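Following: one structure in structure tokens, then a few remarks.
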Amino acid sequence: QDQTFEPLGDSRPHKVDVRVVSATNADLAMRIREHTFREDLFYRINLITIHLPALRERRDDIPLLVQYFLTKQCEVNGLPLVDVTSDGLTFLSRLPFSGNIRELKNLVERTLLMSGKKLLTAADFEAQAHFEEKTPRADLGLTLDEIEKQTILTAFDKYGNNISRVANSLGISRAALYRRLEKYGIQIKEN
């Protein structure tokens with residue numbers, strides 16, 4: 001409040017000039033009424049409120065976001081620019097995107113990296129979207145280790161025990177994949 005703080009073990013106050021940006025998908029007014037969010041904290045952080053609708057409520061943004069994610073990923077990986085067919089954009093526009101923009105970004109990047117094509121179609125995105133649906137989720141009562149192990153096994157099943165493709169699909173190096181195989185006692189005959 002007075003733009004100062006005292007580090008642990010120090011008796012002198014330090015002056016700071018910071019701004020806090022916070023985000024939530026919770027209805028904070030309702031949470032305050034239910035006494036599950038502190039009202040005084042709300043008034044400390046609530047100087048300016050910007051309401052950003054979920055991606056599923058602004059589907060017109062999807063083609064622009066897809067192109068941005070593709071261009072960025074091509075630059076990062078030194079790949080030639082990739083385009084998307086109209087049926088690919090239509091397919092993406094119909095998805096529910098409960099994970100919002102992060103889900104779209106992951107799907108676009110995974111499809112780009114896994115397909116190796118210069119023109120992505122609905123079928124390319126659908127194949128990767130279905131892979132995501134088969135990935136175990138934490139709300140099924142599994143531990144993180146169990147989810148990771150099952151995700152690795154699912155990837156091996158999908159890519160026919162091809163270590164490089166599995167590591168690539170999981171976004172990890174081959175060395176990291178080998179460490180996880182050892183950790184979980186998974187034995188795979190490499191193709």
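The values are calculated or read from the model by the stated rules, or taken from the named source; none is laboratory data. All values derive from a computational prediction rather than experimental measurement. Ideal geometry is used to build each Cβ from the backbone, glycine not excepted, and the neighbour counts take in all protein chains shown. Note: areas computed on protein heavy atoms with side chains; ligands, DNA, RNA excluded. Shrake-Rupley method; radii C 1.70, N 1.55, O 1.52, S 1.80 Å.
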| task | Give me the distance in nm between label points sitting 7 Å out from Cα along the Cα-to-Cβ direction at Lys189 and Asp87, one decimal. | result | 3.7
| remark: Counting only protein heavy atoms with a 1.4 Å probe and every protein chain in place, the carbon and sulfur fraction of the accessible surface of the chain in whole percent equals 53
| message | For Leu120, what residues show an amide H to amide H distance below 5 Å, using hydrogens built from the backbone and excluding near sequence neighbours? | response | Asp83, Val84, Thr85
| Do you know the relative contact order of the chain, to the nearest whole percent, from alpha carbon pairs under 8 angstrom that are 6+ apart? | 13
| message | Of the listed values (i) 18.9; (ii) 20.5; (iii) 19.7, identify the label whose number matches Kirkwood radius over Cα pairs in Å calculated from this model. | response | (ii)
| task | Quickly rank 111-121, 39-49 as a protection proxy: mean count of other C-beta atoms within 10 Å, highest first. | result | 111-121, 39-49
| request: Order the peptides 68-81, 154-167 from the highest to the lowest mean number of other Cβ atoms within 10 Å of their residues. | output: 154-167, 68-81
| message | If R₀ is 35 angstrom, what is the calculated FRET efficiency for the pair Arg174 and Asp17, using the beta carbon separation as r and rounding to 0.05? | response | 0.15
| message | Please list, by residue number, every one of the GluC sites (Glu not before Pro) in segment 145-191 that is coil in DSSP and has at most 12 other beta-carbon atoms within 10 Å. | response | Glu190
| remark: So the angle from the long Cα axis of helix 100-115 to the longest Cα principal axis of the chain, reported in degrees to the nearest 10, equals 30
| Calculated FRET efficiency for the pair Lys118/Asp157, C-beta based, R₀ 30 Å, to 0.05 | 0.60
| query | Where does the chain land at 222 nm, in deg cm²/dmol rounded to the nearest 500, when only DSSP H runs of n ≥ 4 count, each adding -39500 (n - 2.57), divided by all residues? | reply | -16000 deg cm²/dmol
| task | Give me the angle, in degrees from 0 to 90, between the Cα long axis of helix 122-134 and the longest principal axis of the Cα atoms of the chain, rounded to the nearest 10. | result | 70
| message | I'd like the orientation of helix 62-77 relative to the chain: the angle between its Cα long axis and the longest Cα principal axis, in ° from 0 to 90, rounded to 10. | response | 70
| remark: Note to self: with every protein chain in place and a 1.4 Å probe, segment 1-145 gives an accessible area per residue in Å² of 74
| remark: Here the FRET efficiency for Thr143 versus Gln3, based on Cβ atoms and R0 = 41 Å and rounded to 0.05, is 0.45
| remark: Of the listed pairs Lys105/Lys158; Lys118/Lys158; Lys72/Lys183; Lys105/Lys149; Lys72/Lys189, those with alpha carbons more than 28 Å apart are Lys72/Lys183; Lys72/Lys189
